[in-house]
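Report on the following structure.
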Amino acid sequence: MKARAGILHGVGQEWQVEEIDVDPPKVGEVLVHWKYAGMCHSDEHFVTGDMVPPPEMMAMMGGGSFFPVLGGHEGAGIVAEVGPGVTSLKPGDHVSASFVPSCGRCRYCSTGKQNLCDNGAGTLTKGMITDGTSRHSVGGEAITVMAGVGTFSEMACVSEMSLIKVDDDLPLNAVALVSCGVATGWGSACSRANVEPGDTVVVVGIGGIGINAVQGARMAGAKRVIAVDPVEFKREKAMELGATHVFASMDEAIPQVMDMTWGQMADKVIMTPGVMYGELMAGANALCGKGGTIVVTAVAPITQDTASINLFQLAMYNKEIKGTIFGSLNPRADIPKLLSMYREGQLKLDELITREYPLDDINVGYQHMRDGVNIRGLIKF
Ligand SMILES: NC(=O)c1ccc[n+]([C@@H]2O[C@H](COP(=O)([O-])OP(=O)(O)OC[C@H]3O[C@@H](n4cnc5c(N)ncnc54)[C@H](O)[C@@H]3O)[C@@H](O)[C@H]2O)c1
Ligand SMILES: [Zn+2]
Ligand SMILES: [Zn+2]
């Protein structure tokens with residue numbers, strides 16, 4: 001089958017809208033018509049090269065070239081066809097993508113840590129996580145499929161492990177947002193940072209992820225939700241969605257947080273800037289008080305292995321630093337849960353969609369993300 005899709009052929013290039021070939025689903029696979037794809041910053045890391053595995057890493061993953069890549073890991077769509085053995089979905093079902101698969105059987109899935117499912121290891125390769133062979137090609141060349149879901153295509157062949165059934169009456173643009181940005185941001189605050197009533201929380205970087213850390217921290221009962229972003233529009237949005245204070249930089253926030261907390265500083269610091277650089281940890285550490293927690297959600301360049309963190313203070317102030325993927329949530333339980341909170345009017349989703357673009361305008365949408373004019377942009381198929 002043919003589908004139009006956003007394909008990247010190399011670092012520093014633009015996304016190309018091209019016709020790709022999608023093979024029918026095999027055992028455990030599902031053909032999905034994507035209806036919306038979120039333009040998350042994570043796909044941008046392929047354009048900049050930040051998330052492109054270096055040759056030695058590619059060799060460990062079985063060799064070959066990383067490009068071409070079909071982008072998109074945030075999305076929602078409708079099941080077109082199911083392969084043999086698929087029992088949880090049927091044609092016509094509405095689904096959310098899940099950029100982390102969940103098999104339900106591995107050590108992590110079976111202990112309530114679906115975000116760490118072992119099948120995640122195969123989601124940045126040309127092969128399906130089901131059997132390792134490819135279903136997507138362009139000009140006869142196999143394509144790496146972002147997160148095994150490839151939501152920048154009108155149609156993709158996806159493992160049942162990477163799809164979550166959602167209620168048919170929910171708007172699919174809202175579902176798309178929840179599939180990555182909302183879950184990751186909200187979970188960074190509510191699950192990984194474990195924000196408690198009365199906490200002072202700082203969120204650094206207010207994009208599609210950070211704005212949901214703001215929403216989550218407020219819902220969890222934080223006394224102060226302090227949003228940091230250099231872009232004024234982002235700070236305004238943060239105030240609309242639950243922030244109590246906003247600052248343009250960590251340097252500006254540090255003395256102000258010291259003042260408002262009487263020197264105690266923040267209980268939780270959540271790092272969601274567009275790119276996580278090691279030097280940003282100095283500011284995170286300065287904002288974090290005794291016994292506090294720093295959650296690192298943003299993606300760093302893949303080879304970044306140094307960070308500015310005062311190890312004396314880390315120990316003597318009893319702090320902790322935590323990474324998170326998918327906000328440390330369980331996609332099968334938490335994507336429907338977040339959508340039910342949207343249905344009840346508690347979680348704001350419509351307010352997060354700044355613009356929708358046709359696939360042909362994918363590069364315009366990503367330029368808008370770089371320019372900071374969107375909380376989230378969506379591709380509408
Ligand atoms: N851990 C995960 O599972 C996971 C999942 C999805 C996305 N991510 C990552 O989260 C990060 C954020 O993604 P997004 O889609 O929200 O990005 P985005 O580009 O929409 O938003 C990033 C925001 O950070 C701001 N910013 C940049 N540098 C800053 C700084 N030094 N201080 C304060 N603000 C700063 C920008 O102005 C922008 O508003 C990305 O690195 C993305 O890859 C991680
Ligand atoms: Zn994402
Ligand atoms: Zn698993």
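The values are calculated or read from the model by the stated rules, or taken from the named source; none is laboratory data. Just so we're clear, the structure is a prediction, and the values are computed from it rather than from any experiment. Quick reminder, even Gly has a Cβ in these numbers, built from the backbone with ideal geometry, and neighbours come from all protein chains shown. Each accessible area value is taken on the protein alone, full model and side chains, heavy atoms only, with ligands, DNA and RNA left out. Shrake-Rupley method; radii C 1.70, N 1.55, O 1.52, S 1.80 Å.
Rounded if a/c is under 1.5, else prolate if a/b is larger than b/c, else oblate: which is the chain, with a ≥ b ≥ c the root eigenvalues of its Cα gyration tensor?
Prolate shape, in that a/c is at least 1.5 and a/b is the bigger ratio.
Based on a Kirkwood Rh over C-alpha pairs, give the Stokes-Einstein translational diffusion coefficient of the stretch 82-209 at 37 °C and viscosity 0.692 mPa s in µm²/s.
Once the numbers are plugged in, D ends up at 200 µm²/s.
Full-extension gain between K380 and F67, please, as 0.36 nm times their residue separation minus the C-alpha to C-alpha distance.
Between K380 and F67, full extension yields 110.2 nm more.
Listed highest first by mean packing, meaning other Cβ atoms within 10 Å per residue, what order do 334-341, 349-356 come in?
Numbers: 334-341: 20.2, 349-356: 17.4.
Ranking the peptides 334-341, 349-356 by packing returns 334-341, 349-356.
Report the paramagnetic label zone for R105: residues of the stretch 112-140 whose backbone N is under 14 Å from a point 7 Å from Cα along the Cα-to-Cβ axis.
118-119, 130-131
Dipole of the chain, Cα-centred, from +1 at each Lys and Arg C-beta and -1 at each Asp and Glu C-beta, to the nearest 20 debye?
The dipole magnitude comes to about 1000 debye.
Could you name the aspartates and glutamates in cross-link range of K319, using Cα to Cα under 12 Å and dropping any fewer than eight places away on the same chain?
D267
Too long at a 19 Å Cα-Cα cut-off: which of K237/K290; K90/K113; K223/K290?
With Cα atoms farther than 19 Å apart: K237/K290; K90/K113.
How are the alpha carbon pair distances in the stretch 181-311 distributed across 10 Å bins from zero to the largest one, expressed in percent?
Taking every Cα pair in the stretch 181-311, the percentages come to 15, 50, 31, 3.
Under a GNM of the chain (C-alpha, springs under 10 Å), which listed residue has the highest mean-square fluctuation: M146, M57, M271?
M57
Anyone know which of N318, N115, N363 comes out most mobile in the 10 Å Cα GNM of the chain?
Maximum fluctuation in the GNM of the chain, among the listed residues, is at N318.
For the chain, give the percent of accessible area contributed by carbon and sulfur heavy atoms, probe 1.4 Å, rounded to a whole number.
Values: 7750 of 15030 Å².
Result for the chain: 52 percent of the exposed heavy-atom area is carbon or sulfur.
Find how much the distance from M258 to D169 grows on full extension, using 0.36 nm per residue of separation minus their present alpha carbon separation; answer in nm with one decimal.
Net length gain for the segment: 27.4 nm.
Please list, by residue number, everything in the stretch 356-374 whose backbone N is under 13 Å from a paramagnetic label point 7 Å out along Cα→Cβ of E236.
373-374, by backbone N distance to the label point.
Can you tell me the FRET efficiency between A282 and I302 if r is taken as the Cβ-Cβ distance and R0 is 22 Å, rounded to the nearest 0.05?
0.55
For the stretch 1-81, what is the largest minus smallest coordinate of the Cα atoms on each principal axis, given in angstrom and ordered from greatest to least?
Projected onto the principal axes, the Cα atoms of the stretch 1-81 cover 37, 27, 20 Å.
For the chain, calculate the relative contact order in percent as a whole number, restricting contacts to Cα pairs under 8 Å that are 6 or more residues apart.
For the chain, the relative contact order is 18 percent.
Where both partners of a DSSP beta bridge lie in the chain, what percent of those bridges are antiparallel, to the nearest 5?
Looking only at bridges with both residues in the chain, the antiparallel portion is about 55 percent.
Can you compute the modelled spin-label distance between E351 and S249, with each label point 7 Å from Cα toward Cβ, in nm?
Those two pseudo-labels are separated by 2.9 nm.
Taking only DSSP H segments of four or more residues, each worth -39500 (n - 2.57), what value at 222 nm results for the chain once the sum is divided by all its residues, to the nearest 500 deg cm²/dmol?
Here the helix-only value at 222 nm equals -6500 deg cm²/dmol.
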